[in-house]
1. Quick check: is even one residue across the stretch 36-47 of a type outside the set (F, W, Y), open to solvent by less than 40 Å² (accessible area, probe 1.4 Å), outside any helix (DSSP H, G or I) and out of contact with any helix residue (DSSP H, G or I) (no Cβ under 9 Å at 6 or more places or on another chain)?
2. Out of all the residues in the stretch 143-154, is one or more closer than 19 Å to I31 by Cα and either in contact with a Lys or Arg (Cβ under 7 Å, 6 or more places away or on another chain) or of a type in the set (D, E) (or both)?
3. Take L5 and decide whether it is surrounded by fewer than 20 Cβ atoms within 10 Å (Cβ to Cβ), touching a residue at least 60 places away in the same chain (Cβ under 8 Å), closer than 25 Å to K163 by Cβ and hydrophobic (A, V, I, L, M, F, W, C).
4. Tell me, yes or no, whether the stretch 50-62 has at least one residue that is assigned to a helix (DSSP H, G or I) and either touching a helix residue (DSSP H, G or I) at 6+ places or on another chain (Cβ under 6 Å) or modelled with pLDDT of 95 or more (or both).
5. Considering only the stretch 180-218, how many residues are open to solvent by less than 60 Å² (accessible area, probe 1.4 Å), in a helix (DSSP H, G or I) and farther than 30 Å from K170 by Cα?
6. Out of all the residues in the stretch 219-226, is one or more assigned to a helix (DSSP H, G or I), of a type in the set (G, A, S), under 30 Å from I88 (Cβ atoms) and out of contact with any Phe, Trp or Tyr (no Cβ under 7 Å at 6 or more places or on another chain)?
7. Among the residues of the stretch 63-79, which ones are in contact with a helix residue (DSSP H, G or I) (Cβ under 6 Å, 6 or more places away or on another chain) and open to solvent by 30 Å² or more (accessible area, probe 1.4 Å)?
Amino acid sequence: MEFMLDTANITEIKKYGAFLPLAGVTTNPSIIKKEGEMNFFKHMQEIRSLIGKERSLHIQVVAQDYEGMMEDARAILENVDQDVFVKIPTTPEGLEAMKELKKQGVNVTATAIYTKFQAYLAIAAGADYIAPYFNRMENLNIDPREAISEMAAEIARTNSSTKILAASFKNVAQVNAACECGAQSATMGVDIIAAGTTLTSVQNAVDTFTTDWESVYGRGKRISDLCIYQWN
């Protein structure tokens, strides 16, 4: 499973990137809005510098027409770098842009996917990632578990290299479900990461281990302290 951060916040990327097996960072216009007015390209370059070329960076176009999407894609690639995954909404105009960008060798992430049919079209168009919106699908009474399972089956049937990048989560259980249904990747906000890594029961167990250790070797003593003591 590839874990990605759905944020454009530099502080969050630094904090969570320090311990996550981070595969990439995803952004969209709504996420950019949260950061307020900025030098957009400079900010994206800073994110790239933080995560390195070995991790993927996904940046979404804003235009809704084919020509505008192509111009946005060119601007992203020229002003950030050629390795960016350009996020394209899976609309008729977006599918046209995806096909052309793939002809040019551009990395493409098909986003705003709510239905299996959208996903099938994006897979056929050669998208590198498809991003089904898990929670938004559920809110529309569309079963995201069944949909993601069938998307994974279509990828297998067609021997496609497309990966499912599940998105739009409200809790950790949804992330787990997406993974178990066949999604190879998931992108989520730091609130989901925090909820999944700060369980009280886990901390209680760690505290108990520390207390038991210190009852034998003394308060504040670590295993490395014992080595130093014995070497002396």
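The values are calculated or read from the model by the stated rules, or taken from the named source; none is laboratory data. Because the structure is a prediction, the values reported are computed rather than measured. Neighbour counts are summed over all protein chains in view; Cβ atoms, including those assigned to glycine, are modelled from backbone coordinates with ideal geometry. Note: areas computed on protein heavy atoms with side chains; ligands, DNA, RNA excluded. Shrake-Rupley method; radii C 1.70, N 1.55, O 1.52, S 1.80 Å.
1. Scanning the stretch 36-47, I find at least one residue that is of a type outside the set (F, W, Y), open to solvent by less than 40 Å² (accessible area, probe 1.4 Å), outside any helix (DSSP H, G or I) and out of contact with any helix residue (DSSP H, G or I) (no Cβ under 9 Å at 6 or more places or on another chain), so the answer is yes.
2. no
3. No, not satisfied.
4. Scanning the stretch 50-62, I find at least one residue that is assigned to a helix (DSSP H, G or I) and either touching a helix residue (DSSP H, G or I) at 6+ places or on another chain (Cβ under 6 Å) or modelled with pLDDT of 95 or more (or both), so the answer is yes.
5. Within the stretch 180-218, residues that are open to solvent by less than 60 Å² (accessible area, probe 1.4 Å), in a helix (DSSP H, G or I) and farther than 30 Å from K170 by Cα number 1.
6. no
7. Once the filter is applied, which keeps residues that are in contact with a helix residue (DSSP H, G or I) (Cβ under 6 Å, 6 or more places away or on another chain) and open to solvent by 30 Å² or more (accessible area, probe 1.4 Å), the stretch 63-79 yields D65, Y66, N79.
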